[in-house]
Each structure stands twice: as structure tokens, then as C-alpha cells.
1. Could you compute the FRET efficiency for THR51 and ASP74, with r as their C-beta to C-beta distance and R0 at 30 Å, rounded to 0.05?
2. In whole angstrom, note down how far apart the Cα centers of the stretch 68-88 and the stretch 6-54 are.
3. Return one number: the angle in degrees, 0 to 90 and rounded to the nearest 10, between the long axis of the Cα atoms of helix 90-99 and the longest principal axis of the Cα atoms of the chain.
4. At most 14 other Cβ atoms within 10 Å plus a DSSP loop assignment makes a site exposed; report the longest stretch of the chain without any exposed trypsin sites (Lys or Arg not before Pro).
5. How far apart, in nanometres, would the label points at GLU17 and LEU3 be if each is projected 7 angstrom from Cα along the Cα-to-Cβ direction?
6. What is the distance, in nm, between label points placed 7 Å from the Cα along the Cα-to-Cβ direction at TYR106 and at ALA137?
7. Using the Karplus curve 6.51 cos²θ - 1.76 cosθ + 1.60 with θ = phi - 60°, work out ³J(HN,Hα) for each residue of the stretch 71-87 in order, rounded to whole Hz, and write x for Gly and Pro.
Amino acid sequence: GLLRIDHVGVAVPDLDEAIDFYQRTFGMTCVHVEENEEQGVREAMMQVGPTREGGCVQLLAALRPDSAIAKFLDRSGPGVQQVAYTVADIDATCAALAERGVRLLYEAPKTGTAHSRINFVHPKDAGGVLVELVEPAKSS
Ligand code: MC0
């Protein structure tokens, strides 16, 4: 099942400007920046409090015009694009969710931030919210 909120994803037109804004305005710390070619994003994890326990805001900028984030920005403008939950076992969670009648976007999990495994519930099956499931990489 779900363990906690992993991050809230916010679509932004300019990643560096958004990082600067979140640092100066909210005092958040940028703890990770990564480009994900498959997802068509450049993303920054902004830690909310002094530790990772406080959760993160993930800033998402488009790498190309046909990407999910570019489409979202065109349609809705900047703002919350997704809510992500940490799961211990993404395969089991996806199987359980499919059984409960919601559409998962991928047949098998794809690679997300920091080598995590990710999948999504279609927003039309979750009350208008794009739900991401994140199984973090096992830290050895
Ligand atoms: C679309 N819709 C949304 C939405 N995106 N509603 C809420 N939140 C969103 N983010 C709504 C539209 O307004 C429209 O509603 C309907 O869904 C259109 O659905 P569609 O035609 O099936 O699909 P598209 O082309 O709009 O794409 C939506 C979809 C796509 C969720 C399938 O964005 C997608 O594949 N997302 C998963 C990948 C992703 O988001 N990657 C970027 C983050 P109406 O009522 O007008 O019909 S990458 C990431 O997050 C990684 C790096 C990580 O965290 O590790």
C-alpha cells in the first residue's frame, strides 16, 4: 500500500527560475536535479523542511514540446501537475489498484527520479488528479 506523500509535482516554465523562487520565498533546499529523457523532463527536488521527512516539492520543466509537462503547461499553465506517493512494492500496489478498476498508465514501471521505479494512475480515474506511485531505489 501507500506509505506517505513522496512529493507534489509542479509544472514550471523555467526550472532555474523556479528553484530560485522556492529557495528565496519558501526557504526550501534543492537536494537533487535530474534530466529524465524518457519522461521529457528536467526536474528539481525541493526539500521542504530540515530533513527528507518533511517531503518534497518536485519542480518539473519540459525538455521538448511534445512532452507531458509541455502539454500540461499549454493546457493549464503552471501549477500542480501530480501528487506522488511512496510505495514499498510498486508491482503489488499497481496490481491492487488495477483490480480496484483504475487505469495505470504503464504496463510495467518506468524509471523515475534517483533510480526509483514509477507508474501513474490516469487522472480521469482519480478524481482529476494525476497520481504517481514511487518505489525508491533500495539504498544499500
Ligand atoms: C491531463 N489531464 C490532467 C492532467 N493531464 N488532469 C489532471 N492532472 C494532470 N496532470 C486531463 C486533461 O485536462 C484532459 O481532461 C484529460 O486529462 C486528457 O487526457 P488524455 O488525452 O488521455 O491525455 P494527455 O495527452 O493530456 O496526457 C495526460 C497523461 C500524461 C496523464 C496521460 O500527462 C502522462 O502520460 N503523464 C504521465 C507522465 C508524466 O506526467 N511525466 C512527467 C512527470 P479533459 O476533461 O479536458 O478531457 S515525470 C516524473 O514525475 C518523474 C521524473 C518522477 O517523479 O520521478
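1. Efficiency, from the Cβ-Cβ distance: 0.25.
2. 13
3. Relative to the chain, helix 90-99 is tipped by roughly 60 degrees.
4. That gives 1-99 as the longest site-free run.
5. Modelled inter-label distance: 3.6 nm.
6. Output for this residue pair reads 1.5 nm.
7. 4, 4, 4, 4, 7, 10, x, x, x, 5, 10, 7, 10, 10, 10, 6, 10
Each reported figure results from applying straightforward, stated rules to the coordinates on display, with no laboratory input. Quick caveat, the model's predicted, so the values are computed rather than measured. Virtual Cβ from ideal backbone geometry, glycine too; neighbours counted across all protein chains shown.
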